[in-house]
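To start, the structure under review is shown below, and the notes come after it.
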Amino acid sequence: MARLSEAGLDAWYLEDGWLRRKYSTDGWPTTLMLVNAIGYLCEAAYHHADLSVTWAKVWVKLKTHSEGGITDKDFALARKIEEVVLWRPEAGGPLEGTPNKFVQAKK
């Protein structure tokens, strides 16, 4: 798991040959926004995640099918997903940020 930590992916884990992450949200509207954001990043990267979606949770699974396992592509996409979906405006900046729980950063 050292590689996950070194890659800044502490909340991600390896299971059954996949790089995985569970995100919790504050409800269905945020879940849909999260799925769309991940979908956009996957399409832009041309490297597609498997997603499982419920009312307030999204599970992301990554592996490179053509290579039969997890590659640098998966780590790069996981980092980009993490960066984008957990982004919040900095305190004291011009953007206020949502008061809602939104997407929770915890594992």
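Each Lys or Arg adds one and each Asp or Glu takes one away; over the other residues whose Cβ falls under 10 Å from the Cβ of Val58, this sums to +3. For chymotrypsin sites (Phe, Trp or Tyr not before Pro), the sites in region 30-107 that DSSP calls loop and that have at most 13 other Cβ atoms within 10 Å are Tyr46, Trp55, Trp87. Taking a straight line from the alpha carbon of Lys73, these lysines sit under 17 Å away, with near neighbours fewer than eight places off in the same chain left out: Lys61, Lys63. The ranking of Glu82, Glu6 by Cβ neighbour count inside 10 Å, starting from the fewest, reads Glu6, Glu82.
The packing ranking of peptides 89-96, 16-23, highest mean first, is 16-23, 89-96, where packing means the average number of other beta carbon atoms within 10 angstrom of each residue. P(r) tail for the chain, what percent of Cα pairs lie past 17 Å? Beyond 17 Å sits 53 percent of the P(r) for the chain.
The charge dipole of region 19-107, taken about the Cα centre with unit charges on the Cβ atoms of Lys, Arg (+1) and Asp, Glu (-1), comes to about 380 debye, rounded to the nearest 20. Summing Cβ point charges (Lys, Arg +1; Asp, Glu -1) relative to the Cα centre of region 1-55 gives a dipole of roughly 40 debye. Here the relative contact order of the chain, from alpha carbon pairs under 8 Å that lie six or more residues apart, stands at 33 percent. With point charges of +1 on the Cβ of Lys and Arg and -1 on the Cβ of Asp and Glu, referenced to the Cα centre of the chain, which listed residue (Thr64, Ile38, Trp12) lies farthest in the positive direction of the dipole? It is Trp12.
Extending 7 Å from the Cα toward the beta-carbon at both Ala44 and Asp72 defines two label points whose distance is 2.1 nm. In a shell of Cβ-Cβ distance under 15 Å around Pro89, excluding Pro89 itself, what net charge do Lys and Arg (+1) and Asp and Glu (-1) give? The answer is -2.
At full extension, Trp28 and Asp10 could sit 3.9 nm farther apart than now, given 0.36 nm per residue minus the alpha carbon distance. Residue order for Val85, Val53, fewest other beta carbons within 10 angstrom first, comes to Val53, Val85.
HN-Hα J couplings of region 68-79 from phi, Karplus 6.51/-1.76/1.60, θ = phi - 60°, integer Hz, Gly and Pro as x? Values per residue, Gly and Pro as x: x, x, 8, 10, 4, 4, 5, 5, 5, 5, 4, 4 Hz.
Counting every other Cβ atom within 10 Å of each residue's Cβ, Thr71, Thr98, Thr30 order from fewest to most as Thr98, Thr71, Thr30. Using Cβ point charges alone (K and R +1, D and E -1), the dipole size of region 61-107 about the Cα centre works out to roughly 260 debye.
Every number in this text was worked out from the coordinates using simple rules, so none of it is lab data. Keep in mind it's a predicted model, so treat the numbers as computed, not measured. Every residue, glycine among them, receives a Cβ derived from its backbone with ideal geometry; neighbour counts consider all protein chains shown.
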